[in-house]
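The values are calculated or read from the model by the stated rules, or taken from the named source; none is laboratory data. Every value quoted in this text rests on a predicted model; they were computed, and no experiment measured them. When we count neighbours, we look across all protein chains shown, and the Cβ atoms used for this are built from the backbone with ideal geometry, even at glycine. Ligands, DNA and RNA are excluded from the accessible area calculation, which covers all protein heavy atoms including side chains. Shrake-Rupley method; radii C 1.70, N 1.55, O 1.52, S 1.80 Å.
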Amino acid sequence: MTGVSVILCTYNRHRSLSNALNSLALSILPATIQWEVLVVDNNSKDETRQVVERFCQLYPGRFRYLFEPRQGKSYALNSGICHTHRDILAFVDDDVTVQPIWLQHLITPLLGSEWAGGGGRILPEPGFSPPPWLALQGPHSQLGALCAYLDQGDLSGPIHRPPVGTNMAFRREMFEKYGGFREDLGPRPGSELRSEDTEFGRRLMAGGERLYYAPSAIVFHEINENRIRKKFFLSWWFAFGRGSILEAGRIPSTIEMVKIVARIILATPKWLLDVDPQHRFYRKCRIWYEAGKVIAVYQLMVRGNANAALPQYSSDGGVQNHRLG
C-alpha cells in the first residue's frame, strides 16, 4: 500500500493555517493510499500548536504535529522529511486552500517510477482584484511575488521548470539520493530570501530526473494585504536576485557581472520614462532583482564564502552537511 505524507511548514499564521488544514481534511484519495498531514511548527509564538492539536483530535491518525525550533523554512522542511518515512512527500503552505482532488491528482503520476516529482497550478484566490500598477497576465506579470503563481496551461506532461514549494511532490527516494533542501536558502523572519524549492527541483533535473506537471492539482493562494504593496514587491524581487546567486553556489564570472550591471544601466531609463504604470513598476522590480544579484556577489566576496552548505541525507536518514563546489 502506498503511503503519502503532506508536509506543511508554518510560522505565526494560525488563522490561515486553520483554513489550509480544513481544506486538506476534505481530501479524497483511493483506499489503497495511506496518507497523513505533518504540520511542522517553525517556532511559532501564536496559537499554531493549539490549532494543529485540534485537527489531530478531530481526525485521529490523519494530522500530526512537529515542532522545529531552528528558525527558517528549510530547517522545517528537512525536519519534516526526517520525521516521516512514507513513499511520496507532498508539500503545501499555510496560506493556501486546496481542492478535495488536489492531492490525488498531484501524486498519481508518482505512483510509478517514471517521474521523480512534479507540481500543479498555483492561482490567486477567487475574486482577487489587483491594484492598477500590478499586472496579473502577460510578460509583465508579477504574480510570482504575490502568490507563487504557476500556471502552465491545461495539458499535463513533462515540466521543464522546477515546481514551486506550495504545490509540489517528490518520491522519497529523491531526497535519499540528492539530499534535502539547502538551509542557506529559504524564507525566515525578516528575510524574503527564497529559491530553496526551485533549487531542489533544478538539482533533480540536472541529475537527469523527470518532473511532471499536473494542471488539475490546484491550490488557491491567499493574498495578504501586506503583500499588495510596492515595498513588499521590491523587497521580494531583491531577495529573489540574491537567492539566484546563492542557489548557483558560485561567484559569477567577470563577463556575467558585466551583463548584470549592463541590464541595470539599460533598464533604468526605461523604468523612469515608461508611462504605463504596470510596465513601469515591472521594470523597477527587474532592476531590484539584478541589484540583489550584485549585493549577493559583494557579500560572498567580502565573506570569502562562494560555496554554500547543502544538507544531504546519510544512509541512516540523518542530515549531514555537504559543501557545494
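Observations on the structure shown:
- You will find that of Glu47, Glu53, the residue that is surrounded by fewer than 20 Cβ atoms within 10 Å (Cβ to Cβ), without any contact (Cβ under 8 Å) to a residue 24 or more places away in the chain and farther than 16 Å from Thr166 by Cα is Glu53 and no other.
- Thr97 within 21 Å of Val164 (Cα to Cα), open to solvent by 20 Å² or more (accessible area, probe 1.4 Å) and not in a helix (DSSP H, G or I): yes
- Extreme residue, most open to solvent (accessible area, probe 1.4 Å), among residues of the range 101-121 that are touching a Pro at 6+ places or on another chain (Cβ under 9 Å) and not polar (S, T, N, Q): His105
- Test set (1) closer than 29 Å to Leu24 by Cβ; (2) touching a Phe, Trp or Tyr at 6+ places or on another chain (Cβ under 6 Å); (3) surrounded by fewer than 18 Cβ atoms within 10 Å (Cβ to Cβ) - Asn226 fails condition number: (2)
- Residues (part of a loop (DSSP other than H, G, I, E, B), of a type in the set (Lys, Arg) and under 19 Å from Ser23 (Cα atoms)) located in the range 37-79: Arg62
- Scope the range 1-15; condition in contact with a Ser or Thr (Cβ under 7 Å, 6 or more places away or on another chain), open to solvent by 10 Å² or more (accessible area, probe 1.4 Å) and within 17 Å of Tyr65 (Cβ to Cβ); matching residues: Tyr11, Asn12, His14
- With a requirement of 1 or more residues that are within 30 Å of Pro132 (Cβ to Cβ) and touching a Ser or Thr at 6+ places or on another chain (Cβ under 7 Å), the helices (runs of 4 or more DSSP H) lying completely within the range 157-248 that satisfy it span 230-248.
- Here Thr32 fulfils each of the conditions (1) among the β-branched types (Val, Ile, Thr); (2) open to solvent by 10 Å² or more (accessible area, probe 1.4 Å); (3) under 13 Å from Asp94 (Cβ atoms) apart from (3).
- A count restricted to the range 266-306 and to residues that are charged (D, E, K, R) and closer than 23 Å to Thr254 by Cβ stands at 4.
- Here Ala239, Ala214 are screened, and the one residue that is modelled with pLDDT under 90, open to solvent by less than 30 Å² (accessible area, probe 1.4 Å) and not basic (Lys, Arg) is Ala239.
- Lys270 vs. criteria at pLDDT 85 or above and farther than 13 Å from Arg286 by Cα: no
- Test result for Arg86, crowded, with 17+ Cβ neighbours inside 10 Å, of a type in the set (Lys, Arg), touching a strand residue (DSSP E or B) at 6+ places or on another chain (Cβ under 8 Å) and in a strand (DSSP E or B): no
- Among residues of the range 10-29 that are in contact (Cβ under 8 Å) with a residue 12 or more places away in the chain and β-branched (Val, Ile, Thr), those with a Cβ under 6 angstrom from a residue that is in a helix (DSSP H, G or I) and surrounded by 17 or more Cβ atoms within 10 Å (Cβ to Cβ), sequence gap 6+ or separate chain, pair up as Thr10/Leu17; Thr10/Thr48.
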